[in-house]
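*Asks:* Before anything else, here's the structure in question.
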Number of protein chains: 4
Amino acid sequence: MTSGTGGDIRLMKGNEALAEAALRAGMQAYFGYPITPQSEVLEYLALHAPQHPGTVVLQAESEIAAINMVFGAAGAGARAMITSSGPGISLMQEGLSYMACAQLPALVVNVQRGGPGLGTIQPSQGDYQQAVKGGGHGDYRLIVLAPASVQELVDHVFLGFQLAERYRNPAMILADGALGQMMEKVALPPIGSLAHSTPPWATTGKPKDRPRNVVLSVYIQSERMERQNLVLQEKYRALRETEVRCEQLGMEEADIALVAFGLSARICQKAMDLAREKGIRVGLFRPITLYPFPTAALARAASTVQAFLTVEMNAGQMVEDVRLAVEGRRPVEFTGRMGGMIPSPDEVLAKIEEMAARLRSRARS
Amino acid sequence: MTSGTGGDIRLMKGNEALAEAALRAGMQAYFGYPITPQSEVLEYLALHAPQHPGTVVLQAESEIAAINMVFGAAGAGARAMITSSGPGISLMQEGLSYMACAQLPALVVNVQRGGPGLGTIQPSQGDYQQAVKGGGHGDYRLIVLAPASVQELVDHVFLGFQLAERYRNPAMILADGALGQMMEKVALPPIGSLAHSTPPWATTGKPKDRPRNVVLSVYIQSERMERQNLVLQEKYRALRETEVRCEQLGMEEADIALVAFGLSARICQKAMDLAREKGIRVGLFRPITLYPFPTAALARAASTVQAFLTVEMNAGQMVEDVRLAVEGRRPVEFTGRMGGMIPSPDEVLAKIEEMAARLRSRARS
Amino acid sequence: MTSGTGGDIRLMKGNEALAEAALRAGMQAYFGYPITPQSEVLEYLALHAPQHPGTVVLQAESEIAAINMVFGAAGAGARAMITSSGPGISLMQEGLSYMACAQLPALVVNVQRGGPGLGTIQPSQGDYQQAVKGGGHGDYRLIVLAPASVQELVDHVFLGFQLAERYRNPAMILADGALGQMMEKVALPPIGSLAHSTPPWATTGKPKDRPRNVVLSVYIQSERMERQNLVLQEKYRALRETEVRCEQLGMEEADIALVAFGLSARICQKAMDLAREKGIRVGLFRPITLYPFPTAALARAASTVQAFLTVEMNAGQMVEDVRLAVEGRRPVEFTGRMGGMIPSPDEVLAKIEEMAARLRSRARS
Amino acid sequence: MTSGTGGDIRLMKGNEALAEAALRAGMQAYFGYPITPQSEVLEYLALHAPQHPGTVVLQAESEIAAINMVFGAAGAGARAMITSSGPGISLMQEGLSYMACAQLPALVVNVQRGGPGLGTIQPSQGDYQQAVKGGGHGDYRLIVLAPASVQELVDHVFLGFQLAERYRNPAMILADGALGQMMEKVALPPIGSLAHSTPPWATTGKPKDRPRNVVLSVYIQSERMERQNLVLQEKYRALRETEVRCEQLGMEEADIALVAFGLSARICQKAMDLAREKGIRVGLFRPITLYPFPTAALARAASTVQAFLTVEMNAGQMVEDVRLAVEGRRPVEFTGRMGGMIPSPDEVLAKIEEMAARLRSRARS
């Protein structure tokens, strides 16, 4: 293990690695409220933040208080993070819409649990559409990252802060309870590796040599409000052009493409191996950015694969974005589990075999 | 005008007609918090509810308090309503997810204003995806109705309560600020015309002759939580099969189909007239239920029309559901305004003419 | 038992008798939040209020929400009540100060438990000074009633509403957990026996024939604010002159006067009997109104008795008001228990005997 | 001016001097919510705290959130402060009672404004009884300090932290709006001059070598709760014996003693000078600790002066404590103004002359 301020290799639980990564990424303010399965984030930060002077870590009165504190901290130019799970994230929807309108960067982490409602504390991917289509009101988007390993969870903390600040927009890591609880080896970047300076628009107190900085999300005149919307839409266009990330495994020679993110993608990789053993040519398409979604890459894949199978830990949410990309050119099927249940590689394999049989019989006819 | 308890014809503002309709529909509990452009609902109810004994009308501490009071009232079997606009609706996302999981009926009205953020108080349709894709966490759906006139606003209050109670699911009326403020002639159904009895599952106190009723949204065991999700998904399937509503104008002989809901549909009707005067064969497809969305009817329309133009007062939200229905068989274009701006019939006409020219040149080539 | 709307004799628990009395007294609005030892009040009202059309009973989000709803209801002219115990009453201090300044009548019931802090759920009289000296900010007073039996608890509901409305000031019943839980026979007044009409100052909507009614507690100009204070002080003077209530038992021939309110007075009555059996001439002075305090009657008593013993279920709070009345002319001693402990008659007797011995030895010397 | 970390002489506004003193006194956590006339405290801290690493300064969602954050910070052993004015302090009464029961040190500053209610923003002393008699529920006491100059305001920050930590009890500085706004020369102690170490009872995480630390305010068993009360009462007894502070000016040769604290004492000093010019022998008795109150010193003064005049910016609150001390041996009169009005030296002089005349005529008769 290297020194405390340098890069480290450690065996860590996802939630703790996330917290440690935030400290190393120079997070200046964390506001949260405990909820399973991510309470370890706050606990870890409470214990370790004192070794990072200038880092505020605070358990607020509620998720609503917390997200509005993030608004305030981000408005003052601080690198701020908030974490929760589904019910807590739902409580933040007003705040997130306000931040998106005010163009404030921050990192929001949703360690998903099974819903809807208070639900269960087991892992889920049921908050995809909330994250990606905008759970709050108005036309806005979050940058959404979907890590599939503890290492990627750490990397996405750095990437999330970077994208949020570059584009002045909240970024969300859409993780899940299993990722938060699993232990994996992880390389931690050194402290100080992610530069930060107070942005020029921050409300840090007006000096004599510049006009007053104002951060707000209200524009009474519709013409002005529409101009603000055009600024946002232009930003989202830039994101879609520049920041799409995905991983493709064995897609060149695949007949059937599995499409899955996060934990589901790990299961799919195992299912892909099982299918290949049975001679079925299966590839894996893994969106890493859920917004912007890798639409163009999927559309290209539709030229070579014969069918898509979307695998999610929900009732079928991302599958809509897959269908929007494929535009009816190939069948897009779905399989998944809900309420905290995790699909097994064998369940996915069974579905693959069923699809493969269908493709063969169609080829014969 | 007929007698006070019978049916009435009146000239009324949308917000007030909505409130009066709720009283006549036998609403027993209203909880809300003021926000433009729908504060008249609460004001009207505060003034007139005392003439309806047994009707509780209360301004709560916040939208969060209000939606949780709706949860409580609905859980006790009362016919309950809540109204707000974008920012307030965002604050209710946790509560709505809880109600959907607990299968509680209630009527939620979103009189949309321009967002995101605090935004503007002018009309908008920017909350379509929040309403339709589930703004809260987990796999759940609201029944979503989109009135295009004050009369339909009134009718949807009755329909909304009916569907909510029949399916034990929150229903939302997705209106907008213009509809809330405009005055139109409206026929009001008589009091007592919508039957209501306390449902057998309501938590009204345990008598000796039945087991205890329990209303909750938490299921610690994943297997149990998944079963609850299967119940919900089965309900949504039934909704999609049984409760789809849409209106089609001149679609049989149309080359270009306008697709629009609510206020946009009124503008499109005018644009359609203008286009027909110019010899362009334009039809109007108006979804009345936004969830369940009229996917099948749109898919059928794709067999006869040559192109679709979706018109919305947002950056393009329903257009995704149109594209999911059309599946790439026809071009689906979008035009719209944001931030409280309303597209004019002439703007829509210009877009129609541009598309018509493109269709002609494509036909020639 | 007489008919449902007439007067009744029943055997009832204090908390339930209180709730039933409020319904019979024509309470129109109740707002509360559960806390032991008075949660039965809300439960009883939730069950029985539906039989009293026009009565709103609501569990609010918090005690703060509840007291501000009382402010609103009282401002609109409704007869409103709120109940809680120590911690909840503390949360209402801002609201109570606002109501006192705005001259709003309402009935507040504190069923005391042992404090400070979250404390214990056992009975106490630890909130005397909070109730009597003004727990909130600024110069204001509550009318404070101290019932010593379930019957008096019922009677004080009627008296509390009456005084609150006559003087336009919040009134508080200072009960305790034992009184709330004990069962006694109680005569319940009939419904409709306490007249109520909407007061002329209520904010019920401005008709054409009077100026707008305004209810507020803010006066930016100090001169105006001082005038409002003078109005309040004049009211408190009138209360002290007109509304003092106390009970005296055997005071004419007493050497030692026990001074006690509420439950303590019941214990003292037993101790008085025990002392008299031992030949000690003991009387009982029981303040019924704690504000206005029976200062003049106590001062008169100081001319005939030789010593006072104040008995309280706290560390000695009312004893200050006794001393202020006696002004050093006679010794004023104190005995009491804290934290939910109830002094026994024997403990009081022991203290009486000790004082009697001291008086005798002083007489001899 | 000396170096940044040494002692300074500066001309400062009271609120800012208070904030600077807190930083120099090693305050580690400040939580607050803005309210006139003390919002400069939060503003000053927000600007200057970043130069004091490890100091958390946070504007909470409400005064209730803020005081509970103080509970948490104090429980973890941090030196914590909160400031507000009347309405905000009223909202903290539950929290203060909890802290007193849990024996948590912290510094609370009330920069009083005219009440009751929202009142006015002008200075007042209307919260004396709330501060001194316990505005919250249960038998507890705050240590209450009453500065009469900006210098004393600074000194009381240090003294307040010291007493709070020595006695493990919240301490309050009872200032007023005039003191917060006035500019005076002030000597600021150097940083580091007030030692602080994490107390052994703090909940800092359990190491192996000591049992778990628990901080709470709930004791279900009455016997246990009473023991906790006895611990508190013993502490208050020690405070009354050891920590009483007052200032006496010209009391030895006085016929009439003015009794006043804070700003009123400054006015009385001027009135005393005016009276002496007229040959009336007037002294000034200024309580510096309002709790513990200088009862014994006042009782001793009653042996030499002929009458007392209590001067307060309220309807007469401290006068009760003066009367309790004097026990009827001398007349105790009161004069004051309310609602943000400040009595002038001439008003006080007029009252003095009236009393002097009465004393003379009594002497003659």
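Computed from the coordinates by the stated procedures, all read-outs in this text should not be read as laboratory data. All values derive from a computational prediction rather than experimental measurement. FYI the Cβ positions are ideal-geometry reconstructions off the backbone, even for glycines, and counts take in every protein chain you see.
*Asks:* Over all directions, what mean area does the Cα convex hull of the protein assembly as shown project, stated in square nanometres?
*Replies:* Quarter of the Cα hull surface area: 64.1 nm².
*Asks:* About the Cα centre of chain B, what is the dipole size in debye to 20, counting +1 per Lys and Arg Cβ and -1 per Asp and Glu Cβ, all else neutral?
*Replies:* 740 debye
*Asks:* Also: Compute the label-point distances linking residue A:53 to its equivalents in the other copies; points lie 7 Å from Cα along Cα→Cβ; give nm, one decimal, shortest first.
*Replies:* 0.3, 7.2, 7.2
*Asks:* Let me ask another. Calculate the translational D of chain B in whole µm² s⁻¹ from Stokes-Einstein, where the hydrodynamic radius comes from the Kirkwood formula applied to all Cα pairs, the temperature is 37 °C and the viscosity 0.692 mPa s.
*Replies:* Calculated translational D: 155 µm²/s.
*Asks:* How far, in degrees from 0 to 90, does helix D:262-277 lean away from the longest principal axis of the Cα atoms of chain D, to the nearest 10?
*Replies:* 20 degrees
*Asks:* Follow-up. With unit charges on the beta carbon (Lys/Arg positive, Asp/Glu negative), name the residue among D:334, D:319, D:297 whose Cα is farthest towards the positive pole of the charge dipole of the range D:290-338.
*Replies:* The residue sitting most towards the positive pole is D:297.
*Asks:* Just which residue of chain B brings its Cβ nearest the axis of rotation onto chain C, and by how many angstrom, rounded whole?
*Replies:* Residue nearest the B-to-C axis, with distance in whole Å: B:53, 2.
*Asks:* Moving on. Counting other beta carbons within 10 Å of each Cβ, put C:101, D:268 in order, fewest first.
*Replies:* Fewest-to-most ranking of C:101, D:268: C:101, D:268.
*Asks:* Gaussian network model of chain D, Cα springs within a sub-10 Å range: biggest mean-square fluctuation belongs to which of D:232, D:274, D:47?
*Replies:* Between D:232, D:274, D:47, it is D:47 that shows the largest mean-square fluctuation.
*Asks:* Okay, moving on. Comparing B:136, B:72, B:328, which has the greatest mean-square fluctuation in the GNM of chain B with Cα pairs linked when under 10 Å apart?
*Replies:* Greatest mean-square fluctuation among the candidates belongs to B:328.
*Asks:* Where the label is 7 Å out from Cα toward Cβ, how close does residue D:193 come to the same position in every other copy, in nm, shortest first?
*Replies:* 4.6, 6.9, 8.1
*Asks:* Identify all aspartates and glutamates with a Cα-Cα distance to residue C:235 below 16 Å; exclude those on the same chain that are fewer than 8 residues away in sequence.
*Replies:* Straight-distance partners of residue C:235: C:139, C:165, C:226, C:243.
*Asks:* Rounded to the nearest 20 Debye, what is the dipole magnitude of the range B:1-131 about its Cα centre when Lys and Arg each give +1 and Asp and Glu each give -1 at the C-beta?
*Replies:* The calculation lands at about 220 debye.
*Asks:* Next question. What ranking do A:241, B:61, A:94, B:152 get, fewest neighbouring Cβ atoms within 10 angstrom at the top?
*Replies:* A:241, B:61, B:152, A:94
*Asks:* Further question: With each run of n ≥ 4 DSSP H residues scored as -39500 (n - 2.57), what mean residue ellipticity at 222 nm is computed for chain B after dividing by its residue count and rounding to the nearest 500 deg cm²/dmol?
*Replies:* Result for chain B, helices only: -12500 deg cm²/dmol.
*Asks:* Which of these, C:267, C:35, C:220, has the largest mean-square fluctuation under a Gaussian network model of chain C (Cα springs below 10 Å)?
*Replies:* C:220
*Asks:* What translational diffusion coefficient, in µm²/s and rounded to a whole number, does the Stokes-Einstein relation yield for the range D:225-365 at 4 °C and a viscosity of 1.567 mPa s, taking the hydrodynamic radius as the Kirkwood radius over Cα pairs?
*Replies:* Stokes-Einstein gives a translational diffusion coefficient of 83 µm²/s.
*Asks:* For chain C, what is the relative contact order in percent, using Cα pairs closer than 8 Å and at least 6 residues apart in sequence?
*Replies:* 18 percent
*Asks:* I'm checking a number: the convex hull volume of the Cα atoms of the range D:8-53, normalised per residue, in Å³. What is it?
*Replies:* Given the Cα convex hull of the range D:8-53, per-residue volume reads 71 Å³.
*Asks:* I've got another one for you. Assign unit charges at the C-beta atoms only (+1 for Lys and Arg, -1 for Asp and Glu), then state the dipole size of the range D:119-217 relative to its Cα centre in Debye, rounded to the nearest 20.
*Replies:* 640 debye
*Asks:* If you don't mind, there's one more thing I want to ask. What are the extents of the Cα atoms of the range C:300-365 along their three principal axes, in Å, largest first?
*Replies:* Principal extents (Cα only, largest first): 39, 25, 15 Å.
*Asks:* R0 = 41 Å: FRET efficiency of residue B:354 with residue A:218, Cβ-based, nearest 0.05?
*Replies:* Once rounded, the FRET efficiency stands at 0.75.
*Asks:* Would you list B:84, B:97 from fewest to most Cβ contacts within 10 Å?
*Replies:* In increasing order of surrounding Cβ atoms, one gets B:84, B:97.
*Asks:* Do any of A:133/B:185; B:133/B:185; A:13/D:206 go past 31 Å between their Cα atoms, and which?
*Replies:* Violating the 31 Å limit, Cα to Cα: A:133/B:185; B:133/B:185.
*Asks:* Also: What does the copy distance list look like for residue C:344, label position 7 Å along Cα→Cβ, in nm and ordered from shortest?
*Replies:* For residue C:344, the inter-copy label distances come out at 6.5, 6.7, 9.2 nm.
*Asks:* Once both axes come from the Cα atoms, what is the angle between helix D:150-167 and the longest principal axis of chain D, in degrees from 0 to 90, rounded to 10?
*Replies:* Helix D:150-167 sits at roughly 60 degrees to that axis.
*Asks:* Using the Kirkwood radius built from alpha carbon pairs, what does the Stokes-Einstein equation give as D for the range B:126-219 at 10 °C and 1.306 mPa s, in µm² per second?
*Replies:* 99 µm²/s
*Asks:* Using just the Cα positions, wrap the range B:96-253 in a convex hull and report its mean projected area in square nanometres, one decimal place.
*Replies:* The directionally averaged projection comes out at 13.5 nm².
*Asks:* Using only the Cα atoms, work out Rg/Rh for the range A:121-171, with Rh taken as the Kirkwood radius, to two decimals.
*Replies:* Ratio value, two decimals: 1.01.
*Asks:* Provide the three semi-axes, in whole Å and in decreasing order, of the ellipsoid equivalent to the range B:1-96 as defined by the square roots of 5 times the Cα gyration tensor eigenvalues.
*Replies:* Over the Cα atoms of the range B:1-96, the semi-axes work out to 24, 16, 10 Å.
*Asks:* Separate question: For the range C:178-244, run through the trypsin sites (Lys or Arg not before Pro) and keep only the ones in DSSP coil with at most 14 other Cβ atoms within 10 Å of their Cβ.
*Replies:* Sites meeting the loop and neighbour criteria: C:208, C:212.
*Asks:* Next question, about the same structure. Angle check, please: helix B:39-48 long axis (alpha carbons) against the longest principal axis of chain B (alpha carbons), in degrees 0 to 90, nearest 10.
*Replies:* 40 degrees
*Asks:* Got a sec? Charge dipole of chain D, +1 on Cβ for Lys and Arg, -1 for Asp and Glu; which of D:244, D:272, D:174 is way out at the positive end?
*Replies:* So the residue furthest toward the plus end is D:244.
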